[in-house]
Amino acid sequence: MLYWIGASLSAMICRIFGRWQVIGHENIPNTGGVLLCGNHVSYIDPPALGARTGRPVHFMAKLELFQIPVMGPAIRGVGAFPVKRGTADRGALKKAIELLQSGEVVGMFPEGQRTMDGKLKAAEAGVGMIVLRSKVPVIPVALVNTEKLLPPHSFLFHFSRVKVVYGKPIHLDDLYDQGGREAVEEVGRRIMAAIGQILDEYRGKC
């Protein structure tokens, strides 16, 4: 219940301030484990990404957020789980894999943190490890203009035109049987390339 209340509030904010448009919602499977991977340029990205999926999304979020009074219990209450950034957090990776293998939707931002210049960075190793272990499809998600809706270092929403574009599922079957660093890095490269292609297509259409 708490998740859907949050999703409704997020959708309302995005509609009022962002005049948002959601594209490709049909690409999200109705059942089964799936990993949603998006670019990350604003604190509004997680609720914007998850508000119209039709299924609860378990977000991997930095540990520091869970230590903030009120916010910590709230984000845990909507199904998020913590990750220690800058480390190989095996607990967070295990949690993500378990959720995916049990048929849940997990959301993450492969770059590991917000990018202030809007340019895509390389994916961290965690996303590759999760995909190779869970063997679920990946939905690349482009978040367009969310940094204008809620700019860095701002607590106020600004009027903008936001698009959330869910791409077609990426199946990485050819890498499942490969081990090692090269396969992990290749997963990250393919995911970021797919996100980049969607961003290139829709950035100029807002």
Among what's in region 37-79 and is assigned to a strand (DSSP E or B) and hydrophobic (A, V, I, L, M, F, W, C), pick the residue that is nearest to E104 (Cα to Cα). V57
All conditions in (1) over 19 Å from Y43 (Cα atoms); (2) surrounded by fewer than 16 Cβ atoms within 10 Å (Cβ to Cβ) are true of L175 except (2)
In the list G107, G33, G72, which residue meets the criterion of being surrounded by 15 or more Cβ atoms within 10 Å (Cβ to Cβ) and at pLDDT below 95? G72
Scan region 1-30 for residues that are assigned to a loop (DSSP other than H, G, I, E, B) and surrounded by 22 or more Cβ atoms within 10 Å (Cβ to Cβ) and jot them down. W20
Which of the residues that make up region 110-123 are charged (D, E, K, R) and buried (at least 20 other Cβ atoms within 10 Å of the Cβ)? E111
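When you check K94 against the structure, is it of a type outside the set (A, V, I, L, M, F, W, C), closer than 20 Å to Q197 by Cβ and without any contact (Cβ under 8 Å) to a residue 12 or more places away in the chain, yes or no?
Taking the combined requirement at face value, the residue does not satisfy it.
Name the single residue, out of those in region 128-147 being without any contact (Cβ under 8 Å) to a residue 60 or more places away in the chain and part of a helix (DSSP H, G or I), that is surrounded by the fewest Cβ atoms within 10 Å (Cβ to Cβ).
Here is the first cut: in region 128-147, the residues without any contact (Cβ under 8 Å) to a residue 60 or more places away in the chain are 129, 132-133, 135.
Then keep just the ones that are part of a helix (DSSP H, G or I); that gives 129, 132-133.
Details: M129: 19, L132: 20, R133: 16.
The residue in question is R133.
Somewhere in region 115-127, is a residue β-branched (V, I, T), within 20 Å of T146 (Cα to Cα) and either in contact (Cβ under 8 Å) with a residue 60 or more places away in the chain or touching a Phe, Trp or Tyr at 6+ places or on another chain (Cβ under 7 Å) (or both)? Before the answer, list the steps.
Within region 115-127, the first condition is being β-branched (V, I, T), and the residues that meet it are 115, 127.
Still in the running and within 20 Å of T146 (Cα to Cα): 115.
After this cut, where a residue has to be either in contact (Cβ under 8 Å) with a residue 60 or more places away in the chain or touching a Phe, Trp or Tyr at 6+ places or on another chain (Cβ under 7 Å) (or both) as well, the list is 115.
For region 115-127, residues β-branched (V, I, T), within 20 Å of T146 (Cα to Cα) and either in contact (Cβ under 8 Å) with a residue 60 or more places away in the chain or touching a Phe, Trp or Tyr at 6+ places or on another chain (Cβ under 7 Å) (or both): present.
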Out of G112, G107, which single residue is in contact with a Lys or Arg (Cβ under 8 Å, 6 or more places away or on another chain) and under 18 Å from L63 (Cβ atoms)? G112
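Considering each of L156, L175 in turn, give the residue that is modelled with pLDDT under 95, over 20 Å from F109 (Cα atoms), of a type in the set (A, V, I, L, M) and touching a helix residue (DSSP H, G or I) at 6+ places or on another chain (Cβ under 7 Å).
On the way: L156 fails: touching a helix residue (DSSP H, G or I) at 6+ places or on another chain (Cβ under 7 Å).
Sole residue among the options that is modelled with pLDDT under 95, over 20 Å from F109 (Cα atoms), of a type in the set (A, V, I, L, M) and touching a helix residue (DSSP H, G or I) at 6+ places or on another chain (Cβ under 7 Å): L175.
For region 174-206, how many residues meet the condition of being among the acidic types (D, E), over 21 Å from the mean Cα position of the chain (by Cα) and not in a loop (DSSP other than H, G, I, E, B)?
Taking region 174-206 and keeping what is among the acidic types (D, E), we get 174, 177, 182, 185-186, 200-201.
Add one more test, that the residue is over 21 Å from the mean Cα position of the chain (by Cα), and what stays is 174, 177, 182.
Cutting the leftovers down to not in a loop (DSSP other than H, G, I, E, B) gives us 174, 182.
The qualifying residues number 2.
The values are calculated or read from the model by the stated rules, or taken from the named source; none is laboratory data. Keep in mind that this is a model prediction, so the values were computed, not measured. With ideal geometry, Cβ positions are generated from the backbone for all residues, glycine too; neighbour counts draw on all protein chains shown.
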